[in-house]
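Q: Below you will find the structure I want to go over with you.
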Amino acid sequence: MDDLRKRILRTETRIDYLTQVKGSCGWGNLSQFQERIRELRRASYDIPEAQLQEDLRQLEEGLRFLEERCEESLTPMERVRIVRSPLRFTLKDILENVYEDYTELGGDVDANIDPSMVTAKAIIARRVKDRLFTQQVMVIGHEKGHGEEFRNGGSAKPWGNDKALRYMNVAATEGIPIHFYIFTPGSFPVEDSPGAAQQIARNIFTLAKLRVPLISVISEGGSGGAEAVGLADFRLMLSHGYYSVISPEGAAAIEGKIREGEKVPRELVEACAERLAITATDNLRLGTIDRIIPEPALGARRDDFDFFRRLKYEVIRATDEVVLKTKSLRAFRAYEIKRKQAEEVAGEIRYSMAVSWDLHGEEAKRLLALRSRKYRTMATQAFGGRSRLDRPLSRLQRQAERLYYTIRYDVLRQQHKQVKKVYEEVSGEGSVFLKNLLAPFGGVFDFLSRKPEAIEALPAERRPIPGEEEPVEFGDTYTSPLANEDRTVTCPNAAARGCKDLWVPDLYGEFCGVCENCGHHFPLEYEWYLKHLFDRGSFREFNGSIESMNPLGYRGLDERIVQARSKTGRKSAIITCHAQVMGIWIVVAMLFSDFRNGTVGAAEGEKFVRACDIARLKRRPFLAYIHGTGGIRIQEGTLGVIQMPKCTMAVREYIDAGGLYIVVYDNNSYAGPVASFLGCSPYQFAIRSSRIGFAGPRVIRETTGQDIPPDYHSARNALRRGHIQGIWDRREFRRNLHRALLTMGGRALYYR
């Protein structure tokens, strides 16, 4: 009888789980099942055992039929509900069932207290012909828990991601692979030190060149929070998981323009989940993951031990594949892995071979090259503007340019530097030697020919006068169309600072959009910077033909892109160009808000990566000027969010090559770009009155339940937190940039 009551409880749990997956009990006849199981539970002591057993059997058969129907027709939103179920397994369950042993590791100072990010040193084993092989790995991932509020549903705080970064570096020092497990709807959007966006950017920047194999497994991959530990050499995804640029609820709130506090219609959430292409099958088709790990019907749960065996096999197999790709001698082992690596005997998976996961110098270099190539080729099908001849022609052009600049800078210039260095050393030694040798004779000569009045007649060396400003020469002129309006505006600081009303023609003409009294910066068009920042006639745009598309067929996006093109006359939200600043050639990537709010999709990411490559090739400084960005373009789904690691990897390679990467924020800059390829720059500045952060005030309120002050994202607070290195006045932008070009960066730049 006790067994029957346990079956009743298990059946009731299955009914509740199915109800949760479907979102209500209105599907099928779930409400009748719920009512029937409750009756059985209440009457279990009153009715005969045989009858109870028969009633329960019928109920289980009917429920099994419903589960099969549900599995066959799972919608994307139902998969989201599966991974959010408290019954689903978590990282702790994986540590217990996949790894032989593990030791959880805390972080450093404040980074120790974020329970939503777990790091552990673990041992994983495989049996090969009755011999047990064990290997050490670092396990890093989100811990959702089973309903514990203190874990924030797996949303790691900035110090949690900092803890992850700490042990990524430890793994690199010890030379052991890292297994990442992603269970997060997104990062916890607070700017407290070290800052959500800045810390994610640091993590991605480090992962780009970490010299150990990286394997990631995605169950719930939401936005930048997933990318903080998601850049990997091999990306696995669970069949019932989801991987998305934004949660379906967030996308629905944006698409439906839902006001704060209002409920988002369920139909719209379902539709957005469908349009975002978030399932494992979608992501495999888009090329953002490498393989799908199958789960049991309706998703794996805590007690699915067969699934854990399968998961262990897949992470070992993926690590073997990554390692073998770096080996010179690998053909037979790679074929064995591809064909069949293991077989199951009596419930235990036995492997046919063992692969050492240690990498040596050249193998680690090959690993990094493969990682770079992997991300460079992602989402290359998601933008337009290329003809069939473009690819071979551009390849030939790149090869010719690479040859030319290699000879110019790596051969001739290195030789010139070596000769110059030797000349300086020899002349320095020679001058000191001659000086000491001739010093007695010179002293006698000076004494005999000394004329005191002549010393006083020597002209004094001109020293810079304190406070004297360098002459500024502006390029071509540009007057904002706003200056044509005959009216006045009130400065936002008028009440606090006593600013007078400003006549618009003066404000947007002579004053460059700056209040003369308090220095408040009114927004100006990006064209103003194109004309006032660079030398006259030096602006040369490249890759202007690359255009934004609608790779997912997102409803309504085609019309919006057409409107943006008509409004701006451009094909994407980024301008890449060569330009001069006071005679110094630089490469510029300018994100401007007039085109789809400056959001970054596949086209923008590709243009940014190519600009990085050109700057690296020509040894020119690279300026990312952000006129404004609203983040990653959500309508491109994971093809958009993958631009975060892709662009960061290009930036990392440029900086490692000795380049100078400067980021200047203006107006509003939020979300993914700040949390990746912008936030990783060692030199970040902001135009006064701009706002910088990870998420807007509404998202922070809805996620954390806390209200924030109006100046939470101000440039001043960003500087105080250490997220930027300085605040610039718009009127001195050109002069400050020129000074930065002269004083920052290494010796690899072409003018040094």
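The values are calculated or read from the model by the stated rules, or taken from the named source; none is laboratory data. Model, not experiment: these values are computed from the prediction. Every residue, glycine as well, gets a Cβ built from its backbone with ideal geometry; the counts of neighbours run over all protein chains shown. The accessibility values were calculated without ligands, DNA or RNA, using every heavy atom of the protein model including side chains. Shrake-Rupley method; radii C 1.70, N 1.55, O 1.52, S 1.80 Å.
Q: Considering only segment 150-168, how many residues are hydrophobic (A, V, I, L, M, F, W, C) and open to solvent by 10 Å² or more (accessible area, probe 1.4 Å)?
A: To start, the set of residues in segment 150-168 that are hydrophobic (A, V, I, L, M, F, W, C) comprises 150, 156, 159, 164-165, 168.
If we keep only those that are open to solvent by 10 Å² or more (accessible area, probe 1.4 Å) too, we end up with 150, 159, 165.
Qualifying residue count for the region: 3.
Q: In contact (Cβ under 8 Å) with a residue 12 or more places away in the chain, open to solvent by 60 Å² or more (accessible area, probe 1.4 Å) and either in contact with an Asp or Glu (Cβ under 7 Å, 6 or more places away or on another chain) or under 30 Å from Val323 (Cα atoms) (or both): does that describe Asp130? Even if it seems obvious, please write down each step before you answer.
A: Working: in contact (Cβ under 8 Å) with a residue 12 or more places away in the chain: no; open to solvent by 60 Å² or more (accessible area, probe 1.4 Å): yes; either in contact with an Asp or Glu (Cβ under 7 Å, 6 or more places away or on another chain) or under 30 Å from Val323 (Cα atoms) (or both): yes.
It is false that Asp130 is in contact (Cβ under 8 Å) with a residue 12 or more places away in the chain, open to solvent by 60 Å² or more (accessible area, probe 1.4 Å) and either in contact with an Asp or Glu (Cβ under 7 Å, 6 or more places away or on another chain) or under 30 Å from Val323 (Cα atoms) (or both).
Q: Applying the selection to segment 627-652, what residues are open to solvent by 10 Å² or more (accessible area, probe 1.4 Å) and of a type in the set (D, E, K, R)?
A: Answer for segment 627-652, where residues must be open to solvent by 10 Å² or more (accessible area, probe 1.4 Å) and of a type in the set (D, E, K, R): just Arg652.
Q: Being at pLDDT 90 or above and in a helix (DSSP H, G or I), is that true of even one residue in segment 656-671?
A: yes
Q: Report the residue count in segment 115-145 for those that are in contact with a helix residue (DSSP H, G or I) (Cβ under 7 Å, 6 or more places away or on another chain), among the small types (Gly, Ala, Ser) and in a strand (DSSP E or B). Give the steps one after another, and end with the answer.
A: Within segment 115-145, the first condition is being in contact with a helix residue (DSSP H, G or I) (Cβ under 7 Å, 6 or more places away or on another chain), and the residues that meet it are 115-120, 122, 124, 126, 138-145.
With among the small types (Gly, Ala, Ser) added as a condition, the list becomes 116, 120, 122, 141, 145.
Within this subset, residues satisfying the condition of being in a strand (DSSP E or B) are 120, 122, 141.
Residues flagged as in contact with a helix residue (DSSP H, G or I) (Cβ under 7 Å, 6 or more places away or on another chain), among the small types (Gly, Ala, Ser) and in a strand (DSSP E or B) within segment 115-145 amount to 3.
Q: If Asn597 satisfies every condition in (1) within 22 Å of Tyr670 (Cβ to Cβ); (2) assigned to a loop (DSSP other than H, G, I, E, B); (3) not aliphatic (A, V, I, L, M) but one, which is the exception?
A: (2) is the only condition that Asn597 fails.
Q: Exactly one of these conditions fails for Arg730: (1) under 23 Å from the mean Cα position of the chain (by Cα); (2) charged (D, E, K, R); (3) closer than 18 Å to His627 by Cα. Give me its number.
A: Here Arg730 clears every test but (1).
Q: Okay, next question. Can you name every residue in segment 718-750 that is open to solvent by less than 20 Å² (accessible area, probe 1.4 Å) and within 18 Å of Val190 (Cβ to Cβ)?
A: Correct list: Ala718, His723, Ile724.
Q: Next question. Pick from Val190, Val128: which is farther than 28 Å from Pro709 by Cβ and touching a Ser or Thr at 6+ places or on another chain (Cβ under 9 Å)?
A: Val128
Q: Any residue that is among the aliphatic types (A, V, I, L, M) and modelled with pLDDT under 95 - is there at least one of those in segment 539-548? Let's see the steps before the verdict.
A: So the first thing to find is which residues in segment 539-548 are among the aliphatic types (A, V, I, L, M), and the list is 546.
After this cut, where a residue has to be modelled with pLDDT under 95 as well, the list is 546.
So far as segment 539-548 goes, yes, one or more of its residues are among the aliphatic types (A, V, I, L, M) and modelled with pLDDT under 95.
Q: Within segment 191-204, work out how many residues are in a loop (DSSP other than H, G, I, E, B) and in contact with a strand residue (DSSP E or B) (Cβ under 7 Å, 6 or more places away or on another chain).
A: Narrowing segment 191-204 to residues in a loop (DSSP other than H, G, I, E, B): 191-195.
Then keep just the ones that are in contact with a strand residue (DSSP E or B) (Cβ under 7 Å, 6 or more places away or on another chain); that gives 191.
Qualifying residue count, segment 191-204: 1.
Q: May I ask you to list pairs of residues, at least six apart or on different chains, whose Cβ atoms are under 8 Å apart, with the first in segment 307-329 being in a helix (DSSP H, G or I) and of a type in the set (Gly, Ala, Ser) and the second being open to solvent by 10 Å² or more (accessible area, probe 1.4 Å) and at pLDDT 95 or above?
A: From segment 307-329, the pairs are Ala318/Phe234; Ala318/Asp290; Ala318/Arg291.
Q: Can you tell me how many residues in segment 229-284 are open to solvent by 20 Å² or more (accessible area, probe 1.4 Å), modelled with pLDDT of 95 or more and in a helix (DSSP H, G or I)?
A: Here the count works out to 3.
Q: Which number in (1) surrounded by fewer than 24 Cβ atoms within 10 Å (Cβ to Cβ); (2) out of contact with any Cys (no Cβ under 9 Å at 6 or more places or on another chain) marks the one condition that Ile655 misses?
A: The failed condition is (2).
Q: When segment 674-731 is examined, which residues are found to be among the aromatic types (Phe, Trp, Tyr) and either under 30 Å from Glu510 (Cα atoms) or in contact with a helix residue (DSSP H, G or I) (Cβ under 6 Å, 6 or more places away or on another chain) (or both)?
A: First, pick out the residues of segment 674-731 that are among the aromatic types (Phe, Trp, Tyr): 677, 683, 685, 694, 712, 728.
Within segment 674-731, Phe677, Tyr683, Phe685, Phe694, Trp728 meet the criteria.
Q: Give the residue, chosen from Phe694, Phe733, Phe685, that is under 30 Å from Ser247 (Cβ atoms) and either of a type in the set (Phe, Trp, Tyr) or free of Cβ contacts under 8 Å to residues at least 12 places away in the same chain (or both). Steps first, please.
A: Values: Phe733 fails: under 30 Å from Ser247 (Cβ atoms); Phe685 fails: under 30 Å from Ser247 (Cβ atoms).
Answer to the check: Phe694.
Q: Evaluate segment 491-500: report whether one residue or more is open to solvent by less than 30 Å² (accessible area, probe 1.4 Å), closer than 27 Å to Ile575 by Cα, assigned to a loop (DSSP other than H, G, I, E, B) and at pLDDT 75 or above.
A: So in segment 491-500, the residues open to solvent by less than 30 Å² (accessible area, probe 1.4 Å) come out as 491, 494, 499.
Narrowing further to those that are closer than 27 Å to Ile575 by Cα: none.
For segment 491-500, residues open to solvent by less than 30 Å² (accessible area, probe 1.4 Å), closer than 27 Å to Ile575 by Cα, assigned to a loop (DSSP other than H, G, I, E, B) and at pLDDT 75 or above: absent.
Q: Something else now. Just give me the residues in segment 154-190 being over 18 Å from Ile204 (Cα atoms) and either in a strand (DSSP E or B) or free of Cβ contacts under 8 Å to residues at least 60 places away in the same chain (or both), in sequence order.
A: Matches in segment 154-190: Glu174 only.
Q: Right, next: Please determine whether any residue of segment 561-581 is among the basic types (Lys, Arg) and touching a Gly at 6+ places or on another chain (Cβ under 6 Å). Break it down into steps so the answer makes sense when it comes.
A: Residues of segment 561-581 that are among the basic types (Lys, Arg), as a first pass: 565, 567, 570-571.
Restricting the remaining residues to those that are touching a Gly at 6+ places or on another chain (Cβ under 6 Å) gives none.
No, there is no match, as no residue in segment 561-581 is among the basic types (Lys, Arg) and touching a Gly at 6+ places or on another chain (Cβ under 6 Å).
Q: Which residues, counting only those in segment 606-621, are in contact with a helix residue (DSSP H, G or I) (Cβ under 7 Å, 6 or more places away or on another chain) and in a loop (DSSP other than H, G, I, E, B)?
A: Matches in segment 606-621: Arg619, Pro621.
Q: Now for a different question. I'm trying to understand the selection: among the residues of segment 318-352, which are open to solvent by less than 30 Å² (accessible area, probe 1.4 Å), at pLDDT 70 or above and more than 34 Å from the chain's Cα centre (by Cα)?
A: Tyr351
Q: Right, next: In the set Ala624, Ala579, Ala603, Ala564, which member is open to solvent by less than 30 Å² (accessible area, probe 1.4 Å), out of contact with any helix residue (DSSP H, G or I) (no Cβ under 6 Å at 6 or more places or on another chain) and part of a helix (DSSP H, G or I)? Outline the logic, then answer.
A: Numbers: Ala624 fails: part of a helix (DSSP H, G or I); Ala579 fails: part of a helix (DSSP H, G or I); Ala564 fails: out of contact with any helix residue (DSSP H, G or I) (no Cβ under 6 Å at 6 or more places or on another chain).
Of Ala624, Ala579, Ala603, Ala564, the one residue that is open to solvent by less than 30 Å² (accessible area, probe 1.4 Å), out of contact with any helix residue (DSSP H, G or I) (no Cβ under 6 Å at 6 or more places or on another chain) and part of a helix (DSSP H, G or I) is Ala603.
Q: Further question: For residues that are in a helix (DSSP H, G or I), surrounded by 17 or more Cβ atoms within 10 Å (Cβ to Cβ) and without any contact (Cβ under 8 Å) to a residue 60 or more places away in the chain, tally how many sit in segment 698-717.
A: Summing the residues that are in a helix (DSSP H, G or I), surrounded by 17 or more Cβ atoms within 10 Å (Cβ to Cβ) and without any contact (Cβ under 8 Å) to a residue 60 or more places away in the chain in segment 698-717 gives 1.
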